[in-house]
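Structure record follows, encoded as structure tokens.
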Amino acid sequence: CRYIYMNGQLVEKEKAVVSVYDHGFLYGDGIFEGIRMYDGNVFRLREHLERLYDSARSILLNIPYTMSELEDIIVETLRKNKLYDTAYIRLVVSRGVGDLGLDPTKCKTPNLIVIAEQLALFPKELYDVGISMVTVPTRRNRPDILSPKVKSLNYLNNIMVKAEANMAGANEALTLNTEGYVAEGSGQNIFIVKGKKLLTPPSYVGALEGITRNAIIDLARDLGYDVREEPFTRHDVYVADEVFLTGTAAEVIPVVSLDARMIADGKPGKETHNLLNHFRKLVVEDGLKVYP
Ligand SMILES: Cc1ncc(COP(=O)(O)O)c(CNc2cccc(C(=O)O)c2)c1O
């Protein structure tokens, strides 16, 4: 049986229901985090929770739990579900129950939900052969409209982007910002390797500041790579030596084509492979131990 944490209780999955008056359901009014446990280590949990609190502050949502209370809740939920080596944790905080109006002040109590599941891994061959990408017409939402740095429940932009990649028969979507600079994937950050440089869009271009992105930046710098957060265009991706995406679920995935242009020799790059190997070592160390 699987247990879901809801507002102080661990309830059986079938009983884990939210009110139809919850503004997370009615309007996508809420925030979330996707977190991963490796060998009992919840990778960079603190960084994820810091981002959660930033998202909350940004949308005027007060999370009625301290960071250490959230850590304890996540540990309790993982243990209750007897999850040991790998797990995916979905943490959701909605505005809570209100009336049918938009006014967030009508919602008195935010809802906290923690789902912990055995992780569904990306198919292994995607890492071996790499993925195809297509630039989609739907742009990443502008920071002055709905900040892409807020990991909110408003994921329709991401879903439409993913749908456009599906329609084009590509594995993933590349989004541009309104100026035409590369932003990120549907739910992953992007990196390109060019000569000795490793580039990723700075977050002001309009992307979520990914935990995996930041870990790869730190890791690559420690390994001596010349890492730069600089804007780049589709052309720069077409002529890159290597391209890869990063994300909690995806980890580090090689990209071998964009818009029918093969990236270099069309095979996953060796720097990509090198970074993924080092990342796999980092994720079991850096974080919170569930079974000390
Ligand atoms: C828009 C966006 N950009 C980048 C990332 C990567 O960030 P992290 O390195 O912190 O995970 C995300 C988060 N990635 C995310 C969120 C929800 C679902 C899925 C999925 O692939 O099913 C992926 C995201 O939603």
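Some points to look at:
- Region 207-228 - residue that is in contact (Cβ under 8 Å) with a residue 12 or more places away in the chain and surrounded by fewer than 14 Cβ atoms within 10 Å (Cβ to Cβ) and, of those, nearest to Leu282 (Cα to Cα): Leu223
- Residue in region 103-117 that is in contact with a His (Cβ under 8 Å, 6 or more places away or on another chain), surrounded by fewer than 20 Cβ atoms within 10 Å (Cβ to Cβ) and on the phi < 0 side of the Ramachandran plot present: yes
- The set of residues in region 157-206 that are outside any loop (DSSP other than H, G, I, E, B), in contact (Cβ under 8 Å) with a residue 40 or more places away in the chain, surrounded by fewer than 23 Cβ atoms within 10 Å (Cβ to Cβ) and within 12 Å of the ligand (Cβ to nearest atom) contains only Ser203.
- Lone qualifier among Asp265, Asp218 - being more than 16 Å from the ligand (Cβ to nearest atom) and among the acidic types (Asp, Glu): Asp265
One line per residue, one yes/no per condition, for (1) at pLDDT below 95; (2) part of a helix (DSSP H, G or I); (3) polar (S, T, N, Q); (4) buried (at least 21 other Cβ atoms within 10 Å of the Cβ):
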| residue | (1), (2), (3), (4) |
| --- | --- |
| Phe244 | no, no, no, yes |
| Asp265 | no, no, no, no |
| Asn277 | no, yes, yes, no |
| Lys281 | no, yes, no, no |
| Val284 | no, no, no, no |
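- Every residue from region 266-282 that is closer than 22 Å to Gly169 by Cβ and out of contact with any helix residue (DSSP H, G or I) (no Cβ under 9 Å at 6 or more places or on another chain): Gly266
- Within region 22-58, being surrounded by 17 or more Cβ atoms within 10 Å (Cβ to Cβ) and either part of a loop (DSSP other than H, G, I, E, B) or among the small types (Gly, Ala, Ser) (or both) holds for Gly24, Asp29, Gly30, Gly40, Arg44, Ser55, Ala56.
- Selection count, region 229-242, where residues are assigned to a helix (DSSP H, G or I) and either out of contact with any strand residue (DSSP E or B) (no Cβ under 6 Å at 6 or more places or on another chain) or open to solvent by 10 Å² or more (accessible area, probe 1.4 Å) (or both): 4
The values are calculated or read from the model by the stated rules, or taken from the named source; none is laboratory data. Everything quoted here is computed from the prediction, not taken from an experiment. Note that each Cβ is placed from the backbone with ideal geometry, even for glycine, and that neighbours are counted across all protein chains shown. Heads up: the accessible areas ignore ligands, DNA and RNA and are worked out on the full protein's heavy atoms, side chains in. Shrake-Rupley method; radii C 1.70, N 1.55, O 1.52, S 1.80 Å.
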